[in-house]
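Below is one structure, written out as structure tokens; comments come after it.
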Amino acid sequence: MCVHLFGGTWSPSVCSFALRHTAADHKTEFSQEAVGAVMRNFYVDDCLLSCSTNDDAIKLVAELVALLKKGGFRLTKRISNSPAVIESVPEEDRAKDIMGLDLNRSALSVKGL
């Protein structure tokens, strides 16, 4: 088989394996933070992480995009509670719900959390 069906009971496991395998294959090319984020901060196809500063977040997102691109992944639907971080993301890769988002009052959910 060359393709996995979306929605199969095995899909989350396959997704996690592929993400982690990509990070392991390219761990010498990227920072420990980026590789660690792939290993520890993804739940199926969502990544949830926190950074100390906007600059750290912008740098980490750029690294994650480059790292996962090596495995054929494209990070999309990105969102942040920081306008500076959001502005660093190309508009086509931002979460669609971001239009009119009041960052001071809105709550976002990740896989039901």
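The values are calculated or read from the model by the stated rules, or taken from the named source; none is laboratory data. Quick caveat: nothing in here was measured; it's all calculated off a predicted structure. With ideal geometry, Cβ positions are generated from the backbone for all residues, glycine too; neighbour counts draw on all protein chains shown. The protein model used for the area step is the full one, side chains on, heavy atoms only, and it has no ligands, DNA or RNA in it. Shrake-Rupley method; radii C 1.70, N 1.55, O 1.52, S 1.80 Å.
The set of residues in the range 55-100 that are part of a helix (DSSP H, G or I), among the small types (G, A, S) and over 26 Å from A24 (Cα atoms) contains only A84.
The set of residues in the range 1-46 that are in a loop (DSSP other than H, G, I, E, B) and in contact with a Lys or Arg (Cβ under 6 Å, 6 or more places away or on another chain) contains only H26. Would you check which residues across the range 6-39 are modelled with pLDDT of 95 or more, open to solvent by 30 Å² or more (accessible area, probe 1.4 Å) and out of contact with any helix residue (DSSP H, G or I) (no Cβ under 7 Å at 6 or more places or on another chain) and list them? Those that are modelled with pLDDT of 95 or more, open to solvent by 30 Å² or more (accessible area, probe 1.4 Å) and out of contact with any helix residue (DSSP H, G or I) (no Cβ under 7 Å at 6 or more places or on another chain): H21, A24, D25, T28, E29, Q32.
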